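Working notes for the structure below.
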Amino acid sequence: MTETLLYEGKAKKVFETGDEGVLLHRYKDDATAFDGKKRGSWVGKGKTNATMSAAVFAYLEERGVPTHFVEQVDETTIKTKRLDMLPVEVIVRNVAAGSLAKRIGYEEGTPLKAPIVELCLKDDALGDPLLNWYHFRELGVPDEDLKLCEELGLKVNGILAPYFDEMGVTLVDFKIEVGRDGSGNLMLADEVSPDTCRFWDKETGEKLDKDRFRRDMGGVEEAYEEMLRRVSGGRSE
C-alpha cells in the first residue's frame, strides 16, 4: 500500500493511501502534555493507543455509533475513512477531575449529578479553549453540528461507561472529535485511549491514564499496559 505522510501530530502520524477516501493513523510512543511543553515517551504507548482505539471503535460501531474506523492494520496502525474534521473537541465528564474540578471548585473525584458536555475549539495555538455555542456560531460552526456533537458525546458515554465498568474501570471523562465523510455524514473520529480518557480503577482509584505522565506519578507504561490488558480481554475480579 502506498503511503504518503499527510500530517504528523504529537502522538501519531497520518498517511494518505492509494485510496482517496482512506487514511492510515500510525500511533507513536511519544507523549506530550501542557500543549507540548512537557515531552516524553515509553515503549508500547503506540500499540496501546492503536489497539485500544480499534477495539473501542468496533464496539461502538456494533452499537450503532458511526465511526471513521475501518480496520487495524498492525499493532500501531489503524485504517480509517478520510473525514473533513469539525474544529470542535467534545469532552464528556462523569467525575470532577482536572480543569473541571478547578473551574467549579469541586474536590477531584466528586461524582457529577449528570454527565457534563463541554465543547472546545480545536486549535493548538490557542490552547483548545472552552467555548459556548455563541462563540462557535461566530466561527461559522452550524448549530446542528454542535447539537450532534453533544448528542454523540452523550451516546458514546452511555455505551462506554458501562463497558469500562465491567473491566473494573471508572470512565472519569474523555475527549472525542467529529468529522464529516464524503457523503456528508458526521461520525466519531480521533481515538479512545489513555491519552484521551481518564481511567480510574474502581476499587483502588489508581489512575490508569495520561495523568500519570502529566503529574509525574510514575508507572505510566504499566498503567497503559494494564488498560490494554483489560480492553483486550482481561477483567478485574
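Quick note: the coordinates plus some simple rules give every number you see, no bench work behind them. Quantities reported herein were computed from a predicted structural model and do not represent experimental measurements. Positions of Cβ are backbone-derived with ideal geometry, glycine not excepted, and every protein chain shown enters the neighbour counts.
Magnitude of the charge dipole for the chain, about its Cα centre and with charges confined to Cβ atoms of Lys, Arg (+1) and Asp, Glu (-1), is about 440 debye.
Approximating the spin labels as points 7 Å out from Cα along Cα→Cβ, the E8-to-W133 distance works out to 4.2 nm. Restricting the range 193-233 to GluC sites (Glu not before Pro) that sit in a DSSP loop and have at most 12 other Cβ atoms within 10 Å of their own Cβ leaves E203. Comparing N49, N185, N157, which has the greatest mean-square fluctuation in the GNM of the chain with Cα pairs linked when under 10 Å apart? Per the Cα network of the chain with a 10 Å cutoff, N185 tops the list.
Between E144, E61, E16, the Gaussian network model of the chain with springs among Cα atoms under 10 angstrom shows the greatest mean-square fluctuation at E144. Scattering from the chain was approximated by placing one identical point on each alpha carbon and applying the Debye formula without solvent; log10 I(q)/I(0) at 0.15, 0.17, 0.18 1/Å stands at -1.09, -1.46, -1.66. Computed from the alpha carbon atoms alone, the convex hull of the range 84-219 holds 129 Å³ per residue. Using a Gaussian network for the chain with springs between C-alpha atoms less than 10 Å apart, which of these wobbles most: L160, L126, L86? Among L160, L126, L86, the largest GNM mean-square fluctuation belongs to L126. Once C-alpha pairs closer than 8 Å and six or more residues apart are averaged by separation and normalised to the residue number of the chain, the relative contact order reads 18 percent.
Under the simplified labelling scheme, the E166-K102 pair shows an inter-label distance of 3.7 nm, with each label point 7 Å from Cα along Cα→Cβ. Between E16 and D145, the FRET efficiency from the beta-carbon distance, with R0 = 30 Å, is close to 0.75. As a proxy for reagent exposure, ranking E150, E62 by other Cβ atoms within 10 Å from fewest up yields E62, E150.
When the alpha carbon gyration tensor of the range 4-81 is reduced to an equivalent ellipsoid, its three semi-axes come out at 22, 16, 11 angstrom, largest first.
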